[in-house]
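Undergrad: Below are the structure tokens for one structure; questions will follow.
The values are calculated or read from the model by the stated rules, or taken from the named source; none is laboratory data. None of the values given here were measured: they were computed from a predicted structure. Note that each Cβ is placed from the backbone with ideal geometry, even for glycine, and that neighbours are counted across all protein chains shown. Keep in mind that these areas ignore ligands, DNA and RNA; they rest on the heavy atoms of the full protein, side chains included. Shrake-Rupley method; radii C 1.70, N 1.55, O 1.52, S 1.80 Å.
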Amino acid sequence: MSLYLCADCGGSKTAIAIASKDGKIVARAYGGPSNFAYLGLANFEKVIKSTVESALKTLENWERTSTLPATEPVFAAAWFGISGVDSPANVAVLTPVLSHLLSIPAGAKLIICND
């Protein structure tokens, strides 16, 4: 697995970039707003899920037809800059959700912070 996910989750849009292990951007997608404080957990998760899936569908040679949550790891690591994530408590709420959605264990390979 050599894909890396970067998500900019803002009040006006969600921007997803997927990079190869050498840092080349290989896919992008944009979705609706994903400010965690305004949307709440369930709606935040829906926006992230659909936007990441949209980015994955644009990858060359992408043969997977399954949707998220991933049954096996798709990304080596992921970084999320999320508006509305203003405390460690917010990160604690989002970590298991994003970990499950992307099949990335909580820890150094799944970074969640305020944008």
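Undergrad: Return yes when ASN35 is more than 16 Å from TYR4 (Cβ to Cβ) and at pLDDT below 90 and no when it is not. Can you show your working first?
TA: Values: more than 16 Å from TYR4 (Cβ to Cβ): yes; at pLDDT below 90: no.
So ASN35 does not fit the description; no.
Undergrad: Is there any pair linking a residue in segment 70-84 that is free of Cβ contacts under 8 Å to residues at least 40 places away in the same chain to one that is part of a loop (DSSP other than H, G, I, E, B) and open to solvent by 10 Å² or more (accessible area, probe 1.4 Å), with Cβ under 6 Å and at least six apart or on different chains, and which?
TA: Short answer, once both residue conditions are applied: ALA70/SER103.
Undergrad: A further question on this structure: Please tell me if ASN61 is open to solvent by 40 Å² or more (accessible area, probe 1.4 Å) and modelled with pLDDT under 95.
TA: Details: open to solvent by 40 Å² or more (accessible area, probe 1.4 Å): yes; modelled with pLDDT under 95: yes.
Yes, satisfied.
Undergrad: Of the numbered conditions (1) surrounded by 19 or more Cβ atoms within 10 Å (Cβ to Cβ); (2) closer than 16 Å to LEU3 by Cβ, LYS109 fails exactly one; give the number of that condition.
TA: (1)
Undergrad: When the residues of segment 85-101 are narrowed to those that are touching a residue at least 40 places away in the same chain (Cβ under 8 Å) and of a type in the set (Val, Ile, Thr), which ends up least open to solvent (accessible area, probe 1.4 Å)?
TA: Of the residues in segment 85-101, the ones touching a residue at least 40 places away in the same chain (Cβ under 8 Å) are 85-86, 90, 93-94, 97-98, 101.
Checking which are of a type in the set (Val, Ile, Thr) leaves us with 85, 93, 97.
Values: VAL85: 6, VAL93: 68, VAL97: 26 Å².
Selected residue: VAL85.
Undergrad: Report yes if some residue within segment 6-22 is free of Cβ contacts under 8 Å to residues at least 12 places away in the same chain, more than 14 Å from ASN114 (Cα to Cα) and open to solvent by 10 Å² or more (accessible area, probe 1.4 Å); otherwise report no. Break it down into steps so the answer makes sense when it comes.
TA: Kept after step one, since they are free of Cβ contacts under 8 Å to residues at least 12 places away in the same chain, are these residues of segment 6-22: 22.
If we keep only those that are more than 14 Å from ASN114 (Cα to Cα) too, we end up with 22.
With the extra rule that they be open to solvent by 10 Å² or more (accessible area, probe 1.4 Å), the set shrinks to 22.
Yes, the conditions are met somewhere in segment 6-22.
Undergrad: Before we move on, is ALA37 open to solvent by 60 Å² or more (accessible area, probe 1.4 Å) and under 18 Å from VAL97 (Cβ atoms)?
TA: On the way: open to solvent by 60 Å² or more (accessible area, probe 1.4 Å): yes; under 18 Å from VAL97 (Cβ atoms): yes.
Against the criterion (open to solvent by 60 Å² or more (accessible area, probe 1.4 Å) and under 18 Å from VAL97 (Cβ atoms)), ALA37 qualifies.
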